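Participant: First, the structure itself, so that you have it in front of you.
The values are calculated or read from the model by the stated rules, or taken from the named source; none is laboratory data. All of these numbers come straight from a predicted model, not from anything done at the bench. For neighbour counting, all protein chains shown are included, and Cβ atoms are generated from backbone atoms with ideal geometry for every residue, glycine included.
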């Protein structure tokens, strides 16, 4: 992952029951590939949640508005869980509706393996670290991010220090995490637990105990933070970019990173990665949008507007939000997941999680 100068020693890099945030008009009918409709002034994006603001104030909101103003191309937006947007694209593979797909690891790798992405290296991709893009050009990180948790700062005097604190009776029906295999951040819970507890069996044994306090499954990570802010939940999973952006309008939201048995607070990078959909109905427009989102000016807005970290190594954010994000990450150990192993074995990991938790 690229190194953010604001985070010495850290490598910078981030989920809704498929809520359709389509803008006004329905998806255009595609013809299984680029056609005469390819010149239409529209581009359709399927994306994991987190980059669009609750009140139209997110990074996507600004970028899409600027893109339409500059090009005249209207962005149609469909939001869902990381796994859900990929599955939607799979169902439409013979008649693609999306032009651009944005999701988190390991789902972006799965999308590539399923033949959903075609090779296209956006302008500026040469400034993205090799670990943050596919070697063959099928996908590129747009926004770097870290996995994390949120807690209610009003109800709790401090953030829980460890995973084991969450087993206390005071968290019964006050804790929730999104569903592994469906939500990107939910899958991240499983990945981090396996790392922190030293293996799958130990992680599943812990998550089985945690189930006594868990409210239940949630396809949406984005909907959990508002519940934490209101005090309906005390703790939930999330990611730094999304939760930091949400905290600007949710005053009781705090971000934290649980420690494992060794006492080390850990996290790992979860970049929002984008690719051009195979046989995209508006391929040229999709290419233009990817170029625009990776442009230096748009990337400069990632921290200030989006609460995340630029995917470009040559963008050095110094705004107040970038400074605050760097402080938040101080003392947190960043580990590198084995994405190849996770991509291959995720289905079995999820089935094991279901069996252990009864979900």
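Participant: All but one of (1) more than 21 Å from residue 123 (Cβ to Cβ); (2) assigned by TED's automatic domain parsing to the domain that holds residue 58; (3) in contact with a strand residue (DSSP E or B) (Cβ under 6 Å, 6 or more places away or on another chain) hold for residue 281; which doesn't?
Facilitator: The single condition residue 281 does not satisfy is (3).
Participant: Please work out which residue is surrounded by the fewest Cβ atoms within 10 Å (Cβ to Cβ), limiting yourself to segment 228-257 and to residues that are assigned to a loop (DSSP other than H, G, I, E, B) and under 19 Å from the mean Cα position of the chain (by Cα).
Facilitator: Going through segment 228-257, the residues assigned to a loop (DSSP other than H, G, I, E, B) turn out to be 231-234, 248-252, 257.
From what's left, under 19 Å from the mean Cα position of the chain (by Cα): 248, 257.
Numbers: 248: 14, 257: 22.
Selected residue: 248.
Participant: Being assigned to a helix (DSSP H, G or I) and touching a strand residue (DSSP E or B) at 6+ places or on another chain (Cβ under 7 Å) narrows it down to one of 141, 225, 193, 159, so name that one.
Facilitator: Values: 141 fails: assigned to a helix (DSSP H, G or I); 193 fails: touching a strand residue (DSSP E or B) at 6+ places or on another chain (Cβ under 7 Å); 159 fails: assigned to a helix (DSSP H, G or I).
After applying the criteria, what remains is 225.
Participant: So which of 350, 315 ends up being at pLDDT 90 or above, surrounded by 19 or more Cβ atoms within 10 Å (Cβ to Cβ) and outside any helix (DSSP H, G or I)?
Facilitator: Working: 350 fails: outside any helix (DSSP H, G or I).
Criteria check complete, one pass: 315.
Residues are listed down the side, and each one gets a yes or a no for (1) assigned by TED's automatic domain parsing to the domain that holds residue 325; (2) closer than 16 Å to residue 267 by Cβ; (3) surrounded by fewer than 21 Cβ atoms within 10 Å (Cβ to Cβ); (4) out of contact with any helix residue (DSSP H, G or I) (no Cβ under 9 Å at 6 or more places or on another chain):
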{"site": "122", "(1), (2), (3), (4)": "yes, no, no, no"}
{"site": "173", "(1), (2), (3), (4)": "no, no, yes, yes"}
{"site": "186", "(1), (2), (3), (4)": "no, yes, no, no"}
{"site": "193", "(1), (2), (3), (4)": "no, yes, no, no"}
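Participant: Something else about it: What tally of residues in segment 109-132 results from selecting those that are over 20 Å from residue 297 (Cβ atoms), modelled with pLDDT of 95 or more and not in a loop (DSSP other than H, G, I, E, B)?
Facilitator: Total meeting the criteria: 4.
Participant: State all residues of segment 200-213 that are out of contact with any helix residue (DSSP H, G or I) (no Cβ under 6 Å at 6 or more places or on another chain) and either under 17 Å from residue 155 (Cα atoms) or part of a loop (DSSP other than H, G, I, E, B) (or both); if no residue qualifies, say none.
Facilitator: Hit for segment 200-213 is 212, nothing else.
Participant: State the number of residues belonging to segment 144-155 that are more than 16 Å from residue 265 (Cα to Cα), at pLDDT 95 or above and within 23 Å of the chain's Cα centre (by Cα). Lay out the reasoning, then the answer.
Facilitator: Of the residues in segment 144-155, the ones more than 16 Å from residue 265 (Cα to Cα) are 144-145, 152-155.
Those left that are additionally at pLDDT 95 or above: 152-155.
Then drop every residue that is not within 23 Å of the chain's Cα centre (by Cα), which leaves 152.
Of the residues in segment 144-155, 1 are more than 16 Å from residue 265 (Cα to Cα), at pLDDT 95 or above and within 23 Å of the chain's Cα centre (by Cα).
Participant: Turning to a different aspect of this structure: Going by the conditions given, is residue 132 buried (at least 17 other Cβ atoms within 10 Å of the Cβ) and touching a helix residue (DSSP H, G or I) at 6+ places or on another chain (Cβ under 9 Å)?
Facilitator: Details: buried (at least 17 other Cβ atoms within 10 Å of the Cβ): yes; touching a helix residue (DSSP H, G or I) at 6+ places or on another chain (Cβ under 9 Å): no.
No, not satisfied.
Participant: Here is a further query. Can you tell me which of 273, 280, 322, 356 is in a helix (DSSP H, G or I), at pLDDT 95 or above and in contact with a helix residue (DSSP H, G or I) (Cβ under 7 Å, 6 or more places away or on another chain)?
Facilitator: Working: 273 fails: in a helix (DSSP H, G or I); 280 fails: in a helix (DSSP H, G or I); 322 fails: at pLDDT 95 or above.
None of the others qualify; the one that does is 356.
Participant: Go through (1) assigned to a loop (DSSP other than H, G, I, E, B); (2) at pLDDT 95 or above; (3) in contact with a strand residue (DSSP E or B) (Cβ under 8 Å, 6 or more places away or on another chain) for residue 216 and report which single condition fails.
Facilitator: It is condition (2) that residue 216 fails.
Participant: State the number of residues belonging to segment 87-108 that are in a helix (DSSP H, G or I) and surrounded by 24 or more Cβ atoms within 10 Å (Cβ to Cβ). Don't jump to the end; show me each part of the working.
Facilitator: So in segment 87-108, the residues in a helix (DSSP H, G or I) come out as 87-91, 107-108.
Subsequent filtering for residues that are surrounded by 24 or more Cβ atoms within 10 Å (Cβ to Cβ) retains 107-108.
The qualifying residues number 2.
Participant: Give segment 196-213 a look and list any residue that's in contact with a strand residue (DSSP E or B) (Cβ under 8 Å, 6 or more places away or on another chain) and over 16 Å from residue 235 (Cα atoms), or say none.
Facilitator: Here is the first cut: in segment 196-213, the residues in contact with a strand residue (DSSP E or B) (Cβ under 8 Å, 6 or more places away or on another chain) are 196, 210, 213.
Once the filter is applied, which keeps residues that are in contact with a strand residue (DSSP E or B) (Cβ under 8 Å, 6 or more places away or on another chain) and over 16 Å from residue 235 (Cα atoms), segment 196-213 yields only 196.
Participant: Failed condition for residue 158, given (1) surrounded by 17 or more Cβ atoms within 10 Å (Cβ to Cβ); (2) more than 24 Å from the chain's Cα centre (by Cα); (3) more than 25 Å from residue 105 (Cβ to Cβ), with all others met?
Facilitator: (1)
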